[in-house]
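Take a look at the structure below.
The values are calculated or read from the model by the stated rules, or taken from the named source; none is laboratory data. The shown structure was predicted, so the numbers you read here are calculated from the model rather than taken from an experiment. Neighbour counts run over all protein chains shown; Cβ positions are idealised from the backbone, glycine included.
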Amino acid sequence: MNKHILFRVGEQTFAIPISSTDRVIHIENLTVVPDMSASVIGIQDVEGVITPLIDMAQRFYGMKIENLDRSDTIIVNWKGEKIGIAVNEVLSVETYYETQVSKDRKQLDKMDGLATSYISNFVQTDTGIIPILDTNLLFNAEQAEEIRALLEIDSIQH
């Protein structure tokens, strides 16, 4: 039995194990960083820690979240660091049993329009099949390098 946070990006519902998350915040005092890839929204000071914020709609579908002020940001653990993933909305926290979770690679390979390397498995629910994301695999090497550069910023001067 594992708890997952469910959220929506575009029209798709995704899940992340709650053990891979820290908290849910709203974007405030965003600092935009020039010359970053389209999915990097910028950085935000989250309790004294510079936190890169990534637009998951842009990352997954090439379309920016239209109303960032109404979106949610999940602070997740990514390769030993904390980053923020902006999603259209956080839906709920759900508990799933091992019997509901599928690790069938054939199912993973059939996801329309998504590279499935960051999907660890799926959960069967009453409303459909939900992909479960592995936060450590969300970004390719180039994207990861860009995020690491943002994580090296020590502080934001006010």
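For the reader, a short list of remarks on this structure follows.
- The one condition from (1) out of contact with any His (no Cβ under 6 Å at 6 or more places or on another chain); (2) closer than 28 Å to Ile129 by Cβ that Ala15 does not meet is (1).
- Of the residues making up region 56-82, those that are part of a strand (DSSP E or B) and touching a helix residue (DSSP H, G or I) at 6+ places or on another chain (Cβ under 8 Å) are Val76, Asn77, Trp78, Glu81.
This table checks each residue for (1) under 21 Å from the mean Cα position of the chain (by Cα); (2) at pLDDT 70 or above.
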residue	(1), (2)
Asp112	yes, no
Ala115	yes, no
Ile119	yes, yes
Asp126	no, yes
Ile132	yes, yes
Ala144	yes, yes
Glu152	yes, yes
Ser155	no, no
His158	no, no
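- Some residue of region 83-101 being touching a helix residue (DSSP H, G or I) at 6+ places or on another chain (Cβ under 7 Å), of a type in the set (S, T, N, Q) and at pLDDT 95 or above: yes
- Scope region 12-35; condition in contact with a helix residue (DSSP H, G or I) (Cβ under 6 Å, 6 or more places away or on another chain) and either free of Cβ contacts under 8 Å to residues at least 60 places away in the same chain or assigned to a loop (DSSP other than H, G, I, E, B) (or both); matching residues: Ile27
- When region 42-85 is filtered for residues that are polar (S, T, N, Q), exposed (fewer than 15 other Cβ atoms within 10 Å of the Cβ) and within 18 Å of Asn140 (Cα to Cα), nothing remains.
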